[in-house]
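Below is one structure, written out as structure tokens; the observations come after it.
The values are calculated or read from the model by the stated rules, or taken from the named source; none is laboratory data. Remember, it's a predicted structure, so these values are computed and weren't measured experimentally. In this analysis, Cβ positions are derived from the backbone assuming ideal geometry, glycine residues included, and neighbour counts consider all displayed protein chains. The area values use the complete protein model at the heavy-atom level, side chains included, leaving out ligands, DNA and RNA. Shrake-Rupley method; radii C 1.70, N 1.55, O 1.52, S 1.80 Å.
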Amino acid sequence: MKKYFALLLAGMMALSLAACGGSSAPASSEPAAETEAAEPAAEAEGTEAEAPAADAAEAPAADAEIKVVEAGKLHMATNAAFPPYEMISDNGGFEGIDVEIATAIAQKLGLELVVDDMEFGSVITSVQGGKSDIAMAGLTVTEERKQNVDFTESYATGVQVIIVPEGSDIKTVDDLANDKMIGVQDGTTGYIYCSDTVENGGYGEDHVTSYPNGAMAIEALKGGKVDAVVIDNEPAKAFVAANEGLKILDTEYIVENYAIGISKENPALRDAVDAALKELIADGTVKTIVDKYINAGE
Ligand code: ARG
């Protein structure tokens, strides 16, 4: 397992280096309101036959090429059971690091954020199928997912950790191999690693139980249905803080990059979101948001 984690880590680092070389559009968040839409500039790109000219005259030029699923909105596919990245607030709305970053991105694009809450396993298919514009869910960049969506720059790192009941005989990652049952959230990288074959460094499907969300995996752990839960470190901290008698093992880790997934059919949106995100990283907005949720209380 150690070797597997190390290999994965090396792979992830190579990926993130490769990602640095990716292209992105120059940042241009200012709506070019003064632009006369009737100017010949519009003729350059493909013709949107149905688009009435009157609408085009009103729309800021920057948004004119960006297709979104609903006019004026940026739909974010997420699974709001992943604190502190996305969760349901006391008043029933959505909050968290991803929600705030996405709100800031939407603002830069002149759009209003709409959160589409769904199972984690659906966030990528939702953008692929044109139901949501962005997948933002503490979503780890993986080679396989890159086949299905394009990713922006990474805005955070996640670390897969192991939660066990206090007093558990599981002391290190290697102890997971001793015929233990591991709880994970459906469709996550924690599931992917753990359910892989023993030869590949996993524990095999038979030793893994998937739950619709992290909280349910934690309930299973408390109820003795599983011996450990493998999940990203920040939600892990939130779950352990909210539940007595659990602890996070200080053991082997795998570091992952979180990024925003966008349909491969929509490079203009990808470039615009990527540029907006990069501006928000550069001007410290992302750090301020992250600190508010993660570092502030420590
Ligand atoms: N980082 C992990 C992954 O991408 C887990 C993400 C789960 N996110 C959520 N919002 N439930 O597979």
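Go through segment 254-298 and give me each residue that's surrounded by fewer than 16 Cβ atoms within 10 Å (Cβ to Cβ) and part of a loop (DSSP other than H, G, I, E, B). Selection gives LYS264, GLU265, ASP283, GLY284, ALA296, GLY297, GLU298. Select from segment 63-99 the residues that are part of a strand (DSSP E or B) and over 23 Å from SER154 (Cβ atoms) and write down the one among them that is farthest from the ligand (Cβ to nearest atom). This residue is LYS73. The single condition among (1) assigned to a helix (DSSP H, G or I); (2) within 12 Å of the ligand (Cβ to nearest atom); (3) crowded, with 18+ Cβ neighbours inside 10 Å that ALA102 does not meet is (2). Could you tell me whether LYS146 is open to solvent by 10 Å² or more (accessible area, probe 1.4 Å) and away from the ligand (no atom under 13 Å from the Cβ)? Against the criterion (open to solvent by 10 Å² or more (accessible area, probe 1.4 Å) and away from the ligand (no atom under 13 Å from the Cβ)), LYS146 does not qualify.
Scanning segment 171-201 for residues that are over 14 Å from ILE254 (Cβ atoms), within 16 Å of the ligand (Cβ to nearest atom) and open to solvent by less than 40 Å² (accessible area, probe 1.4 Å) yields ILE182, GLY183, GLN185, GLY187, SER195.
Restricting the first member to segment 134-154 and to residues that are under 14 Å from MET76 (Cα atoms), and the second to residues that are polar (S, T, N, Q) and within 11 Å of the ligand (Cβ to nearest atom), the beta-carbon pairs closer than 6 Å and six or more apart or on different chains are MET136/THR78; ALA137/THR78; ALA137/ASN79.
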